[in-house]
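See structure below.
The values are calculated or read from the model by the stated rules, or taken from the named source; none is laboratory data. These numbers come from a predicted model, not from an experiment. Using ideal geometry, Cβ is built from the backbone for each residue, glycine included, and neighbour counts are taken over all protein chains shown. To get the accessible areas, we keep the full protein, side chains included, count just its heavy atoms, and leave off ligands, DNA and RNA. Shrake-Rupley method; radii C 1.70, N 1.55, O 1.52, S 1.80 Å.
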Amino acid sequence: MGRLNGKVALITGGAGGCGLATAELFAEQGAKVAILDLPGSNGEAAAERINEAGGEACFVPADVSVADQVHRAVRQAQERFGPITVLMNHAGTISAGPFLETSEADWDRLMSINVKGMFLVTKAVLPQMLEAGGGSIICTSSISAVAGTPMEVLYCTTKGACHMFARAIAVEYRDQNIRSNAICPGFIATAHGQRELELLRGFGVSVSDQDIHAMQGRLCEPKEVASAALFLASDESSFINGTHLFVDNGYTAL
């Protein structure tokens, strides 16, 4: 216990799935946690549960693709808890379908949420993180950053961008005590993950239960992604910077 004592964490997409599991674990480990998610999400209820369990959390509503909302939410989090020293860029969504049937609107939507959102939140958080003396940035990437999947050209492209965003931030800010790393989960047992599998199966992609077993043994649990994020957020990973931590039970090693 207490691996994040004294740290203030902002988790985007923190109202559900792996983001919620991370928010809960970070709070258990002593961090003050700001959950940033859409206004209509379960973020307020999630923060209340954490507080009732003895942690410290607040909900700051925002669409990560809208700059004004991001700046307001980050300011609210900082006013509540102080400078953010751990940022988890987890907010994201999926898109699946034949590439030639993909519209420009599809492209813009996914890039705005998965990539622009990460850019906006990091840019809003980084100045005070630097003033605080440093911190850890964690970006949720995916096996899709390095392993292409049919019907997911757009999604794979956004996760490839996430991969290099984390690495480039690490290189630029290493000497100012900023660490930046990416977590790359395999297929996950969340509502988001199940929706992805259903979409892919609908387009004839081989992701049956048997296929998942062959690729990664089983579905990844949200708490397993949260545990990886905890390690990267904590001082235990003090010399780990600019890396990509795969949480995929060997999927990308096969």
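Of the candidates 138, 143, the single residue that is touching a Pro at 6+ places or on another chain (Cβ under 8 Å) and crowded, with 16+ Cβ neighbours inside 10 Å is 143.
Only one entry of 231, 165 meets the criterion of being within 19 Å of residue 11 (Cβ to Cβ) and without any contact (Cβ under 8 Å) to a residue 24 or more places away in the chain, and that entry is 231. Within region 42-77, the residues that satisfy the criterion of being part of a helix (DSSP H, G or I) and among the polar types (S, T, N, Q) are 51, 69, 76.
Being buried (at least 20 other Cβ atoms within 10 Å of the Cβ) and either farther than 27 Å from residue 109 by Cα or not aromatic (Phe, Trp, Tyr) (or both): is that true of residue 47 here? When the stated conditions are applied, residue 47 passes them.
Out of curiosity, is residue 80 open to solvent by 30 Å² or more (accessible area, probe 1.4 Å), touching a helix residue (DSSP H, G or I) at 6+ places or on another chain (Cβ under 9 Å), under 19 Å from residue 130 (Cα atoms) and assigned to a helix (DSSP H, G or I)? Spelling it out, it is not the case that residue 80 is open to solvent by 30 Å² or more (accessible area, probe 1.4 Å), touching a helix residue (DSSP H, G or I) at 6+ places or on another chain (Cβ under 9 Å), under 19 Å from residue 130 (Cα atoms) and assigned to a helix (DSSP H, G or I). Is there any pair linking a residue in region 169-187 that is at positive phi to one that is at pLDDT 95 or above, with Cβ under 8 Å and at least six apart or on different chains, and which? Close Cβ pairs satisfying both conditions: 177/133; 177/134; 177/135. At pLDDT below 95, among the hydrophobic types (A, V, I, L, M, F, W, C) and over 18 Å from the mean Cα position of the chain (by Cα): is that true of residue 200 in this structure? So residue 200 fails the test.
Of the residues making up region 181-192, those that are at pLDDT 95 or above and within 15 Å of residue 221 (Cα to Cα) number 8.
For region 119-133, the tally of residues that are open to solvent by 10 Å² or more (accessible area, probe 1.4 Å) and part of a helix (DSSP H, G or I) stands at 9.
Just one of the numbered conditions (1) modelled with pLDDT of 95 or more; (2) buried (at least 19 other Cβ atoms within 10 Å of the Cβ) is not true of residue 95: (1).
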